[in-house]
1. For the stretch 294-383, what does the relative contact order come out to in percent, with C-alpha contacts under 8 Å and a separation of six or more?
2. Starting with the highest mean, order 172-183, 84-95, 45-56 by the number of other Cβ atoms within 10 Å, averaged over the residues of each peptide.
3. Hey, can you grab everything whose amide H is under 5 Å from the amide H of MET251? Only 5+ residues off in sequence or another chain; H modelled, so Pro and N-termini drop out.
4. Run down the aspartates and glutamates and flag those whose C-alpha is under 19 Å from the C-alpha of LYS341, throwing out any fewer than 8 positions away in its chain.
5. Quick check: pseudo-label points 7 Å beyond the Cα along Cα→Cβ at PHE13 and GLU334, how many nm apart are they?
6. Defining a contact as two alpha carbons under 8 Å apart and six or more residues distant in sequence, what relative contact order in percent does the chain show?
7. For LYS170, list the lysines whose Cα falls under 18 Å from its own Cα; do not include residues on the same chain fewer than 8 positions away.
8. For the stretch 200-268, calculate the relative contact order in percent as a whole number, restricting contacts to Cα pairs under 8 Å that are 6 or more residues apart.
Amino acid sequence: MPALVQSKNAEGFEVVRTEGCRVFAADGRSAIDFQSGWCVGNLGWSRPEIERALRDFDGPAYVYPGHRYAPWEELAQALVEIVPPGLRRAFRATGGSEAVEIALQAAMLHTGRARFVTIEGCYHGNTLGPHSIGDNETRHLFPRLGLPAPRTIRPPLDEARLAQVETALKPRDVAAVILEPVICNLGALVPEPAFMRGIQDLCRRYGALLILDEVATGFGRTGRMFAAEHSGVQPDMLTIAKAITAGFAPMGATLTSSAIAESMLKVGAYSTYGWHPRSTAAALANLAWWRDNGEALLAHVGAMNRLFVTRVGTLGLGPVQGEGLALGVATGDEAQAERIKARCLKEGLIVAAEGDVVSLFPPLVIDEATAEEGLAILQRCAA
Ligand SMILES: Cc1ncc(COP(=O)(O)O)c(C=O)c1O
């Protein structure tokens with residue numbers, strides 16, 4: 001048995017190289033990547049400008065979290081300038097799970113409450129905090145999680161569901177509602193904007209905070225820099241990771257209001273590898289790329305969305321849902337979704353399958369010819 005522990009369904013695809021929209025394997029195969037490492041490689045893999053910034057990096061090997069480091073301050077300032085208004089402070093994290101951990105702790109400290117409201121079937125990371133509020137099936141594997149079971153809201157996430165949210169918040173014991181503004185982990189399920197705005201109002205009425213988890217949706221995935229922009233809601237906290245470094249280095253961040261940051265500082269803001277200097281250099285180079293090219297890229301995502309939705313809609317698999325290039329098709333059959341994923345990989349296309357949903361998260365920079373090439377493979381494998 002190999003020493004390395006991997007997921008049960010790990011593929012026998014040994015990656016040796018990545019470039020643009022393609023992943024290359026040790027046995028000479030290559031595949032078009034319609035998964036982007038689950039919303040990591042938004043700019044395509046090995047984006048040359050970021051690679052160059054890292055090659056030229058001549059900063060410190062490491063900075064202790066208790067010391068000052070000017071690029072941290074620069075990055076925090078750059079982030080608060082691009083996220084929804086009201087988020088003025090940034091916490092350093094090593095990835096998405098830690099970013100969510102920080103948000104959960106901050107919500108508990110700020111409100112003095114311990115319960116969360118979540119969307120049924122959600123995923124917010126693999127550490128104990130996110131598991132405590134996550135999907136029922138995983139939560140039940142841990143009999144003694146510290147937090148009270150979350151109150152969950154079952155899709156569809158439309159205006160009518162707000163009554164259920166109000167019932168969940170009325171006891172005034174909820175620290176926060178946490179959700180993805182486009183739920184990548186539920187096949188790119190899109191909550192109605194009225195649902196999102198209604199949640200914000202209800203949170204304010206009942207003293208709960210609103211945490212938007214943009215670990216997957218952040219950095220253009222849904223056609224806006226952050227998916228919160230679709231409904232215009234102003235969260236109390238925002239968690240980001242994944243595409244923040246375009247795949248070059250691990251990083252996460254939790255953005256909060258100034259008041260929430262003060263409450264969290266009772267615990268501290270220590271993370272040994274949070275915002276490693278090389279991760280910080282990659283994130284700053286990523287943000288510089290977005291500053292120069294973001295507007296054009298988001299317009300391109302709109303055009304590619306139309307192409308994908310039209311083409312995938314003709315495959316007869318099921319209705320296509322999502323925003324931008326976060327797309328999902330519920331096939332109604334788990335085995336079929338797995339079969340399509342496996343066939344695609346054999347034919348040179350990486351797609352994701354979760355439950356009965358085939359999810360597509362192609363690089364945002366994908367050109368039409370590569371998109372068509374991948375979609376033709378998907379069509380063959382879905383037949
Ligand atoms: C919405 C969401 N939140 C949190 C996480 C956890 O992020 P990480 O794997 O970087 O810990 C993920 C990972 O897939 C995610 O999709």
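No lab work stands behind these numbers, since they all come straight from the coordinates. What you see is a predicted model; the values in this text were computed from it and never measured. Here the Cβ is made from the backbone with ideal geometry for all residues, glycine too, and neighbour counts use every protein chain on show.
1. Working: 118 pairs, mean separation 26.6, N = 90.
The value is 30 percent.
2. Details: 172-183: 24.2, 84-95: 20.3, 45-56: 15.6.
Those peptides, ordered most packed to least, come out 172-183, 84-95, 45-56.
3. The answer is LYS242.
4. GLU11, GLU14, ASP33, ASP333, GLU354, ASP356, GLU372, GLU373
5. 2.2 nm
6. Details: 770 pairs, mean separation 87.9, N = 383.
Reported relative contact order: 23 percent.
7. none
8. Numbers: 84 pairs, mean separation 18.5, N = 69.
The normalised contact order for the stretch 200-268 reaches 27 percent.
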